[in-house]
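Trainee: After the structure tokens below, expect a handful of questions from me.
Read-outs throughout are calculated quantities, based only on the coordinates presented, and are distinct from any laboratory measurement. Please read these numbers as outputs of a predicted model, since none were measured by experiment. Reconstructed Cβ throughout: ideal geometry from the backbone, glycine too, with neighbour counts over all protein chains shown.
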Amino acid sequence: MKSGAVGIIGWTNVGKSTLLNRLVGEKVAAVSNVPQTTRNRITGVLNVEGQGQIVFMDTPGLHKPKYRMNRAMVEIARGTLGGVDAVVLMVDGERGLGPGDRQAAALLQQVDVPKVVAVNKVDRIKPKTRLFPLLQAVVDELGFPAAVPVSALRGDGCDLLIQEILKVLPEGEAVFPVDYLTDQPERTLAAEFVREKILRRTRQEIPHAVAVLVGSWEEREGMLYVDATILVERESQKAIVIGKGGELLKQVGTEARLELEALLGVRMHLTLWVKVRKDWRNDRATLHEIGLS
């Protein structure tokens, strides 16, 4: 039996959270097309029958930090490397090798654990003749022994990636029970799923100026009652999140509620509020509230 912790590392927006959700078989991390969607380390556990247990650690994407929040995110990613048995470096195959991938690879050279490279989004590579030269370039330029082509969105190559990871993990017994899925508290999942829906619906209008704080959380007569506050930095952003006649906020709440009900197995009443808190991304107290300090 193999058992160990595996960090998923890469430049921002390469599909790390999508891969984590795919590998563990449940949605435990928020995903969107917006870079830096993941802000904290997220653990997801995969049990491979008869072979072992892999404890995946999804990390915020590496990037050039502009705010105190971003600096904390990058430090979380770097800090994860100190406590893993192996690392998966993810590269965006559709985008191809870039300076960010080379920086991530250089960071991993300082970590003395086995490494596996996953080239993601291979379903989007056109023409397909680009794939083999790209895999070879990843091996040659980044200095890793092999690269595994995957599509985290569709699942292509993920079984092979799991087997490559198991090869390099140490022998050992499972750390978590078979039914253990993630370390994310239910409140955190609720906050992240709300934020995900906002990112998807507002796209570039509200890229990173949104945080979600869950307040009251009470179960009564088979119904879960949750209040959450959406933080933005400007009045104009508040208007966008609320939408005309409150329509966008209503859609966000409905989508998040349905997803959370399915995951938690309970009926939910979700109330959302929007509040302006100027420059919260540089505010130590707010960052502490969302778990980034």
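Trainee: Note down the relative contact order for the chain as a percent, whole number, built from C-alpha pairs under 8 angstrom at least six residues apart.
Mentor: 19 percent
Trainee: To continue, here is another question. Report the extension gain between residue 75 and residue 183 in nm, rounded to one decimal, defined as 0.36 nm multiplied by the number of residues separating them, less their alpha carbon distance.
Mentor: Length gained, residue 75 through residue 183: 36.9 nm.
Trainee: Then there's this: Collect residues whose amide H, placed 1.01 Å from N in the peptide plane, falls under 5 Å from the amide H of residue 269; neighbours closer than 5 in sequence don't count.
Mentor: Excluding prolines and chain starts, which carry no amide H, the hits are 224, 225, 226.
Trainee: Taking GluC sites (Glu not before Pro) that fall in a DSSP loop and have at most 15 other Cβ atoms within 10 Å as cut points, what is the longest piece of the chain between them? Intermediate values should be presented prior to the final figure.
Mentor: Details: sites that count: 26, 49, 173, 221.
So the longest stretch without any such site is 50-172.
Trainee: Please give me the summed charge of the neighbours of residue 146: other residues whose Cβ is under 12 Å from its Cβ, Lys and Arg +1, Asp and Glu -1.
Mentor: 0
Trainee: Also: Which residues does a label at residue 175 reach in the stretch 54-81, if reach means a backbone N under 13 Å from a point 7 Å past the Cα toward the Cβ?
Mentor: 54-58, 80-81
Trainee: Along the Cα-to-Cβ line of residue 284, 7 Å from the Cα, sits a label point; which residues in the stretch 69-86 have backbone N less than 12 Å from it?
Mentor: Counting only backbone N, you get no residues.
Trainee: From the cross-link list 16/121; 126/197; 27/197; 115/167, which pairs have alpha carbons spaced over 18 Å apart?
Mentor: Checking Cα-Cα distances, 126/197 exceed 18 Å.
Trainee: From a point 7 Å beyond the Cα of residue 67 in the direction of its Cβ, which residues of the stretch 1-36 have a backbone N at a distance under 13 Å?
Mentor: Correct set: 36.
Trainee: Here's something else I'd like to know. Report the convex hull volume per residue for the chain, counting only C-alpha atoms, in Å³.
Mentor: Convex hull volume per residue, Cα atoms: 134 Å³.
Trainee: Could you give the DSSP H helices of the chain that reach 15 angstrom or more along their long axis (alpha carbon positions) and whose average Kyte-Doolittle hydropathy is no lower than 0.0?
Mentor: Span-like helices here: 131-142, 158-168, 247-264.
Trainee: Looking at the stretch 186-289 from every direction and averaging, what is the projected area of its Cα convex hull in nm²?
Mentor: Values: hull surface 25.5 nm².
Quarter of the Cα hull surface area: 6.4 nm².
Trainee: Considering the dipole of the stretch 186-289 built from charges on the beta carbon (Lys and Arg +1, Asp and Glu -1) around the Cα centre, which of 222, 236, 269 is farthest to its positive end?
Mentor: 236
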